[in-house]
1. Mind giving me the nanometre distance, one decimal, between the label points for residue 236 and residue 316, set 7 Å out from Cα along Cα→Cβ?
2. Could you check the spin-label model distance between residue 53 and residue 35? Points 7 Å from the Cα along Cα→Cβ, value in nm.
3. Given the Cα-Cα distance of residue 271 and residue 283 and 0.36 nm per residue of separation, how much length would full extension add, in nm?
4. Calculate one ³J(HN,Hα) per residue across segment 73-84 by plugging θ = phi - 60° into the Karplus curve 6.51 cos²θ - 1.76 cosθ + 1.60, and present them in order as whole Hz with x for glycine and proline.
5. Run the helix sum for the chain: -39,500 (n - 2.57) per DSSP H stretch of 4+ residues, divided by residue count, reported at 222 nm to the nearest 500 deg cm²/dmol.
6. Using a Förster distance of 25 Å, how high is the FRET efficiency between residue 69 and residue 248, based on the Cβ-Cβ distance and rounded to 0.05?
7. Dipole of the chain, Cα-centred, from +1 at each Lys and Arg C-beta and -1 at each Asp and Glu C-beta, to the nearest 20 debye?
8. Would you mind calculating the relative contact order of the chain from Cα pairs under 8 angstrom and at least 6 residues apart, reporting the percent as a whole number?
Amino acid sequence: MLLDHLELGDNTKVMISLAIILFSAFLFTRITKKLKLPNVTAYLLTGVVIGPHLLGLIPSSVISGLDFVTDVALAFIAFGVGRYFHWETIQKSGREVLVITLLESLTAAAVVTLVMYCLFRLPLSFSLLLGAIGSATAPASTIMTIRQYGAKGHFVDTVLQVVALDDAVALIAFSVAAAVTQTLNDGQPGINFSVLLVPILTNFLAVAGGFAFGFVLHLLITERRTSDNSLMIAISTILIMAGICSAFDISPLLSCMALGCAFVNFSKNEDLFDLVGNFSPPILTIFFVLSGMRLDLPSLATAGIIGLAYFFVRILGKYLGATLGASLCKSEPAIRSFLGLALIPQAGVSIGLAALSQRMLPGDTGTLLSTIILSSAVLYEMVGPASAKAALILSHCIEGEGSPSCQRDRATKVTPIR
């Protein structure tokens, strides 16, 4: 590592590393802009190039020391998603979103599990855990792509609600798979319901806490507050919520989404989301660059054909499930045809679940599962933004591409990122 060879203090290394990360990400966006690719793709490629397996510009100690950025970034992303869960919107499209989410998540999980168990003859515990993890979708890159292009409309609202609820389904599916895995490992008949219920209960409590914090935030932020003070209170609340989740080793996605949902419904104030959105881009940029750095290039060879199969089979499961769900709900044609393209990214929650799975599975099997998830996650995050952009273009939800279905709900303001 370049900075490791210089006699610099730890604080100096961190500051210089952050400068390298942000400026390199900016330079890569100049390239991807020429290729008409989303900014998220540039950030991930930046991480791969300046990461430990290529240029090695950032010390490994700094990379590991920035792990907390993942939870912070996910917390900001989830809070922003909460603004789209107006009670009126949920009443109108709640059934549609729930059916689509269940089918796209569980179809992906079922397809991955069957392929791993029946085709590759891998252990049932491995197949179940990998399938459950495969049901998760990372909202970050899809949301960043939507923000970058200022996309809006019913299609966009549906995408945002589906990717927000997706992780709740994935966590429940993983809890079931973990209970079955522990039972298989113990060699005892019956399912261990304590393993099944504890993650569900903790996440339910986290969601309840998010709603409570959202109500408190509504009381604290009044019309008399200045923008600066409102921003400070909001960031403090989001970080407290993320810190509580971190203390109990659970994802901040659901709780911070509930925080944003409660705030927007109690206060009817969406200006705060724009303030937080203008504050968060550097944090999100660092998060995506770090994701690119974590791609273990040598491990791609280890995953081999199994990892390649997982990569494509999960995409197929997501697309088929989304199309089936939208067809059953008689959704508009754009949702039936293109929603699956916006559900490809996978990171964040899936990486955390992979770490849990590695502890449940024996030796090489656990390492294989972790390798598949870590390597494919970055590849998904590279392909995902381009696929999400394609979905937005094909559904005419990008400004200037308007069709009637995406000219609705113009009240929602989305600030493009340049």
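1. Each label point lies 7 Å from its Cα, and together they span 5.3 nm.
2. Each label point lies 7 Å from its Cα, and together they span 1.7 nm.
3. Numbers: separation 12, 0.36 × 12 = 4.32 nm, distance 1.99 nm.
Between residue 271 and residue 283, full extension yields 2.3 nm more.
4. 5, 4, 5, 5, 4, 5, 4, x, 5, x, 5, 8
5. Working: 17 runs with 309 residues, N = 418.
Helix contribution divided over all residues of the chain: -25000 deg cm²/dmol.
6. Working: r = 19 Å, r/R0 = 0.77.
The formula returns an efficiency of 0.85 here.
7. Values: 25 positive and 25 negative charges, 197 e Å.
Here the chain has a charge dipole of around 940 debye.
8. Working: 666 pairs, mean separation 120.0, N = 418.
Taking the mean separation of contacting Cα pairs over the length of the chain, I get 29 percent.
Read-outs throughout are calculated quantities, based only on the coordinates presented, and are distinct from any laboratory measurement. Predicted model, so just to flag it, every value in this text is computed and none were measured. Cβ: placed from backbone, ideal geometry, glycine included. Neighbour counts: every protein chain shown.
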